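See structure below.
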Amino acid sequence: MGSTTAEPGRGSVRHAGVFVAVSIALFCIQLDFFALNLAIPGIAADFDVTVSAAQWTLSAYMLAIGCLFIVGGRLGDLLGRRPVLLAGVALFAAASVGCALSPSLGILVAARVVQGVGAALVFPVSVSVITNAFPDATRARALGAVFAIANVGTAVGPFAGGGFTDGPGWRWIFWLLAPLSAFALLLGLRYVPDSRDEAAPRQIDLPGCLAVVAGLAALTLAVERGSAWGWDHARTLTLFAVAVVCGALFVRRERTCRHPLVDFGLFRNVPFDLVTVMGAVSNMGYAVTVFLATLQLQQVRGLSALLAGTVFLAPALMVACTGPLGAWLSTRIRPTSVMALAGAVAGSGMIGLSLVWAWWLYIPVFTWCALGLGLGWTFASVATQQVIPPARAGEASGVVLTALVVLGAIALAAVASAITALTPETGPEQAYDTILRTGGGIILGASALATVISRRLVARGLVPPPRRNRRAQPNACAGCR
């Protein structure tokens, strides 16, 4: 790993600059997605299109992100995290201006694709920038604080989306993002040092990139649009077939390529596998819960977009707090145990949401649920950096984020289909409650299974102890050897 060393006396200033640049960039990405969810009706009305057509502003963004996380993370490891991070922030800022000025839905969707490409470069590289810029003693706290600030975007997002949509208009979401992203870019140019995987050759596996991007694009598009087109429609089935073929080609390529995009030896690291699975399960639960809560508050409880966004504030602020909470727990509890604990809280919270009878009671239960769901998907990035070598931080982060985003999209598609099937028989409220109970039960089961596996890993010495207990060997990681 080659990282730029700060001049004596300037280390704290450089660390602060890196921290603020990365935090603002991730804040913008989080705010962007969660604000636009509540702006879809306003976009549809503005362009005089259906809500289903306006939904492409979300689908296109998720498509670009889901396809490029792995590529973005590995590009940072090979070409340098600084240039990839700056390129991603610049793309995101420019695309935000394009979104704000879009005269038609088609141009808005195209600008959202560019935004997604920028976000796909920023997110995995940001994690590896912090991992390589901060020393071992403060790395977990820095990551936790970064995700705390980023998750404030999650908190502000629904409120901002509802407020702008009901007020000056949805375009102001992007007018807010543009200067914030530009400020992050300026800080990054000034303070972010470069680092990369020095052991890896400066070669990109282009066939592997093409296969993984095509496969994930086909899978994401099929999942995002399957419920609208029909799961047995020729387009949906064709996209699933393309995803399977490209996935098989990618696996074959990576096993035989001299310099693979993803080293499959990464998956022989059992703690990494466990953290990835639990993070994906938590993110699936988070996506489903936020989606159902939006429907419940507006369709069942009859709240306006602005008031529904206000209800989201307390749960979303709890999600913001899970960043530093995860960093604090990482020094006291093994990462796999933290993920299992998060699942237990999240599962019980989802079941609790299905039992509340008033919207004001929804807030504390939703906040408890958000604690578990936020800790699960936020801590996944922190825990990943604890169980893999820093030189492979970008690659590992890209894999984890891809799993989180793609499986989250699959969960949303499954929920949309379940709502369509259940609502005519039970009504919307009962359908939402049934899905929440089912999802909560699945997460509780995954948490119990993770606890059992974690204990076996501990017994076999495959899980590293909490950081405070390994000061003598700061780089020890039994699961990585």
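Here are a few things to note about the model shown:
- Cα gyration tensor category, rounded, prolate or oblate, for the stretch 127-189 with a/c compared to 1.5: oblate
- Stretchable slack from F264 to R252, in nm (0.36 nm times residue separation minus alpha-carbon distance): 3.2 nm
- Entry note, the chain: the mean residue ellipticity at 222 nm calculated from DSSP H runs of n ≥ 4, each adding -39500 (n - 2.57), is -27500 deg cm²/dmol after division by the residues and rounding to the nearest 500.
- The chain: angle of helix 428-460 to the longest principal axis, Cα-based, in degrees nearest 10: 20
- 0 to 90° range, to nearest 10: angle between helix 105-133 axis and the chain longest Cα axis: 30
- The residues M339, M62, when put in order of fewest to most other Cβ atoms within 10 Å, stand as M62, M339.
- Degrees, to the nearest 10: 206-229 long Cα axis against longest axis of the chain: 20
Coordinate-derived values only; no laboratory data. Treat the numbers as computed from the prediction; the structure is a model and nothing was measured. Glycine gets a Cβ as well: all are built from the backbone with ideal geometry, and neighbour counts include every protein chain shown.
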